[in-house]
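First comes the structure, then the notes that go with it.
Only the coordinates and a few stated rules stand behind these numbers; no lab work does. The model shown is predicted, which means the values in this text are computed figures rather than measured ones. Note that each Cβ is placed from the backbone with ideal geometry, even for glycine, and that neighbours are counted across all protein chains shown.
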Amino acid sequence: MHSVVCIKQVPDSAQIRVHPVTNTIMRQGVPTIINPYDLYAVEEALRVKDKVGGKVTVISMGPPMAEQALRKALSFGADRAILVTDRAFAGSDTLATSYVLASAIAKVAAEEPVDIVFCGKQTIDGDTAQVGPGIARRLDIQQLTYVAKLERLDLDKREIAVQRRAEGGVQVLSTKLPCMITMLEGSNEIRFATMDDMFRAARANVEVWGADTSGVEDKTQCGLKGSPTVVKKVFAPKPREEKAEMIESRDKAPAEIAASTIEVLAAADPALAAEFGPRPPAGA
């Protein structure tokens, strides 16, 4: 059983800055972390390994400093780490990113077949949830998104069943392997790294693949040239300054408070006034 997990090193969302000219995220001087959703993907891949055996390969596309995130994943128990980095990849949007990652995964699969590709449901810097499905489409494998639980894994039949969170309930879906799975937050409990694994991760060789060694065949689909998404403008919305109106509720019954609230809302909105009409006095 071979699982590949795609992780991303992202800026701490509390300290994100945007370049005023290029409208891209400025990473210099900003603390970075592993995308929180990706940690659940790493944990689920490790649980599959614990249950049925096999291997977990972790891949990240990013600047050289993303090696830190890969070593962190190794300390949790991953077996192999690959950093896909090149100046040609800079500025990639989700379309270009999925192309590069899919190319790298295809190269890994050529060496050793891949059964499941795990991703977090989305990243906290882009919040698009597009890279995982994009990888699945490029690799021509089934995708199971927003997965909350792996329900069944049958290696003999090459089938997997999952619980997928959807509006109004939970869907139980099954498909053949190989497939791509995006994990939801809270879908499992992330383990702590053991001392042995931390020492192993510190000594481990993180493979570095560039544009010429990552399996990318068409460099025009990478970086800014291969990114049709253009950020026209980035701005913070101005807060609206409106005076709050206080409704005194001390020593009043709930019905009286509700009547007062409706009167205030109706006075501000003619449509509400027409719908509710004059309110009877409290206690009537």
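For Lys238, list the aspartates and glutamates whose Cα falls under 13 Å from its own Cα; do not include residues on the same chain fewer than 8 positions away.
Straight-line reach from Lys238, under 13 Å: no aspartates and glutamates qualify.
Sorting Cys6, Cys222 on the 10 Å Cβ count, fewest up front, what's the list?
If I rank by nearby Cβ atoms, fewest first, I get Cys222, Cys6.
Below 12 angstrom from the Cβ of Arg165, what's the summed charge of the other residues (Lys, Arg +1; Asp, Glu -1)?
With Lys, Arg at +1 and Asp, Glu at -1, the net is +1.
Can you tell me how the stretch 61-145 classifies by the Cα gyration tensor, rounded, prolate or oblate, using a/c under 1.5 as the rounded cut?
Cα axes put the stretch 61-145 in the rounded bin.
What does the C-alpha gyration tensor say about the overall shape of the stretch 200-253? Classify as rounded when a/c is under 1.5, otherwise prolate if a/b is larger than b/c, or oblate. Kindly include the intermediate steps, with their values, before the conclusion.
Working: a/c = 5.83, a/b = 2.25, b/c = 2.59.
Oblate, because a/c is 1.5 or more while a/b does not exceed b/c.
If you add up the charges near Ile247, with Lys and Arg at +1 and Asp and Glu at -1, over every other residue whose beta carbon is less than 11 angstrom from its beta carbon, what do you get?
Neighbourhood net charge equals -2.
Arranged by the count of other C-beta atoms within 10 angstrom, fewest first, what order do Asp38, Asp12, Asp197, Asp115 take?
Final ranking by Cβ density, sparse to dense: Asp12, Asp197, Asp115, Asp38.
With springs only between Cα atoms under 10 Å, which of Val216, Val21, Val230 fluctuates most in a Gaussian network model of the chain?
Among Val216, Val21, Val230, the largest mean-square fluctuation in the Gaussian network model of the chain belongs to Val21.
Could you grab the relative contact order for the stretch 86-214? Cα pairs under 8 Å, six or more apart, rounded to a whole percent.
Working: 175 pairs, mean separation 34.7, N = 129.
Once divided by the residue count of the stretch 86-214, the mean separation gives 27 percent.
Please compute P(r) over all alpha-carbon pairs of the chain, binned at 10 Å starting from zero, and give each bin as a whole-number percent.
The distribution over the chain is 6, 24, 27, 15, 10, 10, 7, 1, 0, given as percents.
Which whole-number percent is the relative contact order of the chain (Cα, under 8 Å, 6+ apart)?
Across the chain, relative contact order equals 22 percent.
Let me know the shape class of the stretch 113-242, please: from the alpha-carbon gyration tensor, a ≥ b ≥ c as square roots of the eigenvalues, rounded when a/c is under 1.5, otherwise prolate if a/b is greater than b/c, or oblate.
Rounded, because the longest to shortest axis ratio a/c is under 1.5.
So which of Lys49/Lys225; Lys107/Lys176; Lys72/Lys107; Lys107/Lys157; Lys8/Lys157 end up more than 28 Å apart by C-alpha?
Lys49/Lys225; Lys8/Lys157
Output the antiparallel fraction of DSSP beta bridges having both residues in the chain, as a percent to the nearest 5.
Numbers: 19 of 45 bridges.
The antiparallel proportion sits near 40 percent.
Around Gly215, with a cut-off of 13 angstrom between Cβ atoms, what is the net charge of the other residues, counting Lys and Arg +1 and Asp and Glu -1?
Surrounding charge for Gly215 is -3.
In what order do Ile124, Ile247 fall by count of nearby beta-carbon atoms within 10 Å, going from fewest to most? It would help to have the intermediate numbers written out before the result.
On the way: Ile124 17, Ile247 10.
Least to most surrounded, the residues fall as Ile247, Ile124.
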